[in-house]
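Since the structure comes first, as structure tokens, the remarks are kept for the end.
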Amino acid sequence: MDYYETVMLHYLRADRVIFLNSEYCIQLNEAANPDMSGPHWYCDAVATNFRNKAIFLYEISYSKGLQSLTKRLREWHADWNGLRLALIRDSFLHGDWPIRPWLFVPEEYVPVLLRRLDEIRAGEPLRFLPRITTLEMIQPWRFQSWNRTGEREKPDCIPVEMQS
């Protein structure tokens, strides 16, 4: 786990309706060993948000081209139904709650991320609606650590439907 993953987890835990499981293995095929069972991913964190009745898959990236994050999102898009079923099966999550990636990237990389999402979409609707938060927003001095009130508004470069 790198430094910013820890910062992200602190940010998420500050909202007391979010319950986290970090370094979560999403394993499409049920088996004893994910390395032998087929497609699987280690997600930075998976969480339930009881206020919104939603499940989030958290990923953080600050690599300039967002290549690894793009690859992950492309794979999730291709296997979205199987991914949903695996989460519900393995963690006994609510099958009727929406599941969304929540992506954390530097503000200057948001336009790159939006282009990558367009590439993944390839003229079709995305199979998931990502939520985007900039890394600048999650710095611990920008919000109260016990209830995350006082955080600033998301920048205009993030489309409204991806803000909440």
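On the stretch given as the stretch 23-41, residues that are closer than 26 Å to SER164 by Cβ, hydroxyl-bearing (Ser, Thr, Tyr) and surrounded by fewer than 18 Cβ atoms within 10 Å (Cβ to Cβ) total 0. Number of residues in the stretch 86-104 that are hydrophobic (A, V, I, L, M, F, W, C) and over 17 Å from the mean Cα position of the chain (by Cα) equals 1.
Take the conditions (1) more than 19 Å from ARG148 (Cβ to Cβ); (2) in contact with a Leu (Cβ under 7 Å, 6 or more places away or on another chain); (3) of a type in the set (A, V, I, L, M); LEU20 misses just one of them, which is (1). The one condition from (1) modelled with pLDDT under 95; (2) not hydroxyl-bearing (Ser, Thr, Tyr); (3) not in a loop (DSSP other than H, G, I, E, B) that VAL46 does not meet is (1).
In the stretch 13-24, the qualifying residues are those that are of a type in the set (A, V, I, L, M) and under 17 Å from LEU93 (Cβ atoms), and the one that is farthest from the chain's Cα centre (by Cα) is VAL17.
Take the conditions (1) buried (at least 20 other Cβ atoms within 10 Å of the Cβ); (2) of a type in the set (Phe, Trp, Tyr); (3) under 17 Å from LEU20 (Cα atoms); TRP76 misses just one of them, which is (3).
Is the stretch 105-118 home to any residue that is over 28 Å from HIS10 (Cα atoms), surrounded by 15 or more Cβ atoms within 10 Å (Cβ to Cβ) and more than 14 Å from the chain's Cα centre (by Cα)? Among the residues of the stretch 105-118, not one is over 28 Å from HIS10 (Cα atoms), surrounded by 15 or more Cβ atoms within 10 Å (Cβ to Cβ) and more than 14 Å from the chain's Cα centre (by Cα), which makes the answer no. Of all the numbered requirements in (1) touching a residue at least 12 places away in the same chain (Cβ under 8 Å); (2) not in a helix (DSSP H, G or I), ASP156 misses one, and that requirement is (1). Candidates in the stretch 25-62 are the residues that are of a type in the set (Ser, Thr, Tyr) and closer than 17 Å to PRO130 by Cβ; of these, the one that is farthest from the chain's Cα centre (by Cα) is TYR62. Here TYR11, TYR58, TYR62 are screened, and the one residue that is in contact (Cβ under 8 Å) with a residue 40 or more places away in the chain, surrounded by fewer than 18 Cβ atoms within 10 Å (Cβ to Cβ) and hydroxyl-bearing (Ser, Thr, Tyr) is TYR62.
The values are calculated or read from the model by the stated rules, or taken from the named source; none is laboratory data. Note that the structure is predicted; figures quoted are calculated from it, not measured. All Cβ positions, even for glycine, are placed from backbone atoms using ideal geometry, and neighbour counts span all protein chains on display.
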